[in-house]
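J.: So that we are looking at the same thing, I have put the structure below in structure tokens.
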Number of protein chains: 2
Amino acid sequence: MSARTTLGIDIGGTNIKGGVLDDQDRLLARSAVETRADEGFEASFARIVALIDELIAAAGVSRNAIAAVGVGVPGPMDHAAGVVRHAPNLDGWVNIPLRRLLTERTGLPCFVENDANAAAFGEFVGGTQRAATDMVMLTLGTGIGGGVILGGRLVRGRFDNAGEVGHMIVALGGRACPCGQRGCLERYASANAIRERLIEAVRAGEKSSLAPAVYGSEPLTAEDVCRAAQQGDEPSQRVWDEACRMLAAACVNLQHVLNPGLIVLAGGLINAGEALLGPVQSYFKELTWKICEDFPRIEPAVLGGDAGLLGAAALAREALLAAGAGHAR
Amino acid sequence: MSARTTLGIDIGGTNIKGGVLDDQDRLLARSAVETRADEGFEASFARIVALIDELIAAAGVSRNAIAAVGVGVPGPMDHAAGVVRHAPNLDGWVNIPLRRLLTERTGLPCFVENDANAAAFGEFVGGTQRAATDMVMLTLGTGIGGGVILGGRLVRGRFDNAGEVGHMIVALGGRACPCGQRGCLERYASANAIRERLIEAVRAGEKSSLAPAVYGSEPLTAEDVCRAAQQGDEPSQRVWDEACRMLAAACVNLQHVLNPGLIVLAGGLINAGEALLGPVQSYFKELTWKICEDFPRIEPAVLGGDAGLLGAAALAREALLAAGAGHAR
């Protein structure tokens, strides 16, 4: 079976994005709808089905030209069975046989993926990283997700939970994480953690230019902390600096376990640009070994918000080909 | 080309072991010679060549029945080029084109591998782990080496340095490692580190039943520390316990990055049996997340000293098949 047109869906807490891609992974159409996560599974599911219909119409292709549909979902799942175990940010999404439901409703071969894994694979196939065969991505958003690609293939692991890089322990016995661990990378280097740590510092009495925001009604963001750090605010500098150092330590561990040629940083935090990348790269050099220079390049993602739908579509194509190979046996 | 008889060599600092294996990876013959690492490369090389001849004779097969020879070397290398960059424990082994030299001298297709990677692959193909497709091995000896197997294949990485699990940072800013990092797993959980940390505790004035050994002429080993810990010696308990805790933290990080079904502990330290495995497993449960039970089994290696030569031979067979596939294209 040749690789044909695919359709990718990326379900987020706020929006559901979708796109139709040709056999070269070029976007023929894209669109988005609100998730309305509080309305429960049935309502979200209906909007996904409508979005798929809308995308097929917008792409100007016939329905049976769509070889496969890939859906990225924010939560752990059983990939082979196509069941979403639990999507914490989507009300009522518990043990949902999404692959079967969506295949039945659309009449198209559907596949489900973890959203962070899908985004990593999208960045791999669609980014400037095409030259690499091994890549680890860390997506620095509200939390930290990620994906591992080795030999051009997504690593899923025994329980489909590979790439949970945000829960690598970087500070044994450190800050408590809602996951039940202590010292997770996510507790130091996610946008949420950076914001929370600055608030803690101010509430503990440290002098900071962000104190008015902390005590006022304005929402404080990681970007605010980054900007204040650049303007010399000491608590902000300390929090931002430690986020970069912890990220670098995680990169050193990935270097020694997998020795990838490329580590990609993605997510909202990379809007900080050189203020993030510079310290991460220099801490990496400081923390890593000195006996040989087997260092990964550490680079920002280039695809932005489309990585998730692109990766979901590309993985669906792979799954379809693998299923076809299985039938042929 | 069908898989045929292979020959594996495992070069250690003290002995060079070798074996001939049939197409089911069963040992037809095995032997060993002293390494005499201080006599330089040429002398060791001559002993390897003689060992290969001896093994072929002992196996009772003709020379051209040997499909491939695999050699595990303790140091970083360029696998594709077959060049050993540096074997720190073997005098004069710097930038040695071992694959070419050995192929020329023996007339057989030879391949080189990192010894820890070879041992991990040997345990994978020859151990009870055949049921798993993903496995990470940590070899706890003088240092800590290891290997990563995903989808049944050894992961080498961009610079052939994957599986250097002993240099995962488990204590940021912690104990200095000769590699130039701080806080490497190897500085807490290798046999050397356990011994050194107990000596440091005694020299710092702590009361210990091992003080006579520290100040006497008897060599102190990690096994002594384990035994003293079981008999209630407090510094020994603390050192042993922390080794187990750091190992468990490393296993948690491997869980989240790769989500393997199996982590195997190997090397001299596993002679401690349940005194090692019990605390590592219970610390793992304590340190890992509580949101789902995607835990790897953590088990001791079963092959012992033959894993390295078995893995080197099995990887040589794979390399030969891959080279054949390349020619066929």
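J.: Taking the stated definitions as given, is A:Ile270 over 27 Å from A:Gly152 (Cβ atoms) and among the β-branched types (Val, Ile, Thr)?
T.: So A:Ile270 fails the test.
J.: Just checking, which of B:Pro279, B:Pro296 is touching a Gly at 6+ places or on another chain (Cβ under 8 Å) and within 27 Å of B:Gln237 (Cβ to Cβ)?
T.: Of the residues listed, the single one that is touching a Gly at 6+ places or on another chain (Cβ under 8 Å) and within 27 Å of B:Gln237 (Cβ to Cβ) is B:Pro296.
J.: How many residues are assigned to a strand (DSSP E or B) and either β-branched (Val, Ile, Thr) or at pLDDT 95 or above (or both) when one looks only at the range B:1-27?
T.: Here the count works out to 13.
J.: Let me ask something else. Mind checking whether some residue in the range A:218-226 is under 24 Å from B:Ala171 (Cα atoms) and either among the aliphatic types (A, V, I, L, M) or at the interface with chain B (Cβ under 9 Å from one of its Cβ atoms) (or both)?
T.: Scanning the range A:218-226 turns up no residue that is under 24 Å from B:Ala171 (Cα atoms) and either among the aliphatic types (A, V, I, L, M) or at the interface with chain B (Cβ under 9 Å from one of its Cβ atoms) (or both).
Residue by residue, here is whether (1) more than 30 Å from B:Leu21 (Cβ to Cβ); (2) in contact with a Pro (Cβ under 9 Å, 6 or more places away or on another chain) holds:
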{"site": "B:Asp224", "(1), (2)": "yes, no"}
{"site": "B:Val239", "(1), (2)": "yes, no"}
{"site": "B:Leu254", "(1), (2)": "no, yes"}
{"site": "B:Ser282", "(1), (2)": "yes, no"}
{"site": "B:Lys290", "(1), (2)": "yes, no"}
{"site": "B:Leu309", "(1), (2)": "no, no"}
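J.: Suppose we filter the range A:171-217 for residues that are buried (at least 21 other Cβ atoms within 10 Å of the Cβ), more than 13 Å from chain B (Cβ to nearest Cβ), part of a loop (DSSP other than H, G, I, E, B) and not polar (S, T, N, Q); how many remain?
T.: 1
J.: On to the next question. Which of (1) without any contact (Cβ under 8 Å) to a residue 40 or more places away in the chain; (2) in contact with a Pro (Cβ under 9 Å, 6 or more places away or on another chain); (3) among the β-branched types (Val, Ile, Thr) is the odd one out, the single condition B:Ile66 does not satisfy?
T.: (1)
J.: For A:Arg156, are the conditions met, namely being charged (D, E, K, R), buried (at least 20 other Cβ atoms within 10 Å of the Cβ) and within 12 Å of chain B (Cβ to nearest Cβ)?
T.: Taking the combined requirement at face value, the residue satisfies it.
J.: Related question: Surrounded by 15 or more Cβ atoms within 10 Å (Cβ to Cβ), within 23 Å of B:Ala307 (Cβ to Cβ) and free of Cβ contacts under 8 Å to residues at least 60 places away in the same chain, is that true of B:Gly82?
T.: yes
J.: Any residue at all in the range A:309-326 that's more than 14 Å from chain B (Cβ to nearest Cβ) and under 20 Å from A:Glu186 (Cα atoms)?
T.: Checked the range A:309-326: no residue is more than 14 Å from chain B (Cβ to nearest Cβ) and under 20 Å from A:Glu186 (Cα atoms).
J.: Among the listed residues B:Trp240, B:Trp289, which satisfies the condition of being buried (at least 22 other Cβ atoms within 10 Å of the Cβ) and of a type in the set (A, V, I, L, M, F, W, C)?
T.: B:Trp240
J.: Within the range B:48-65, is there a residue that is in a strand (DSSP E or B), over 26 Å from B:Leu265 (Cβ atoms) and outside the structural domain of B:Thr142 (by TED's automatic domain parsing)?
T.: Checking the range B:48-65: not a single residue is in a strand (DSSP E or B), over 26 Å from B:Leu265 (Cβ atoms) and outside the structural domain of B:Thr142 (by TED's automatic domain parsing).
J.: Continuing with this model, one more query. Against the conditions (1) modelled with pLDDT of 95 or more; (2) in a loop (DSSP other than H, G, I, E, B); (3) surrounded by fewer than 16 Cβ atoms within 10 Å (Cβ to Cβ), where does B:Leu108 fall short? Just the number, please.
T.: (3)
J.: While we're on this one: Considering each residue of the range B:111-144, count those that are assigned to a helix (DSSP H, G or I) and of a type in the set (Ser, Thr, Tyr), and give that number.
T.: 1
J.: Residue under question is A:Gly70, and the condition is that it be within 19 Å of the chain's Cα centre (by Cα) and either not assigned by TED's automatic domain parsing to the domain that holds A:Leu309 or not in a helix (DSSP H, G or I) (or both); does it hold?
T.: So A:Gly70 passes the test.
J.: Do we find a residue being on the phi > 0 side of the Ramachandran plot and either out of contact with any helix residue (DSSP H, G or I) (no Cβ under 9 Å at 6 or more places or on another chain) or outside the structural domain of A:Gln24 (by TED's automatic domain parsing) (or both) anywhere in the range A:91-103?
T.: The answer is yes; a qualifying residue exists.
J.: Return the residues of the range A:252-277 that are under 16 Å from B:Leu258 (Cβ atoms) and either buried (at least 24 other Cβ atoms within 10 Å of the Cβ) or away from every other protein chain (no Cβ under 14 Å) (or both); say none if nothing qualifies.
T.: A:Asn253, A:Gln255, A:His256, A:Val257, A:Leu258, A:Pro260, A:Ile263
The values are calculated or read from the model by the stated rules, or taken from the named source; none is laboratory data. Please read all numbers here as calculations on a predicted model, not as lab measurements. We place every Cβ from the backbone using ideal geometry, glycine too, and count neighbours over all the protein chains shown.
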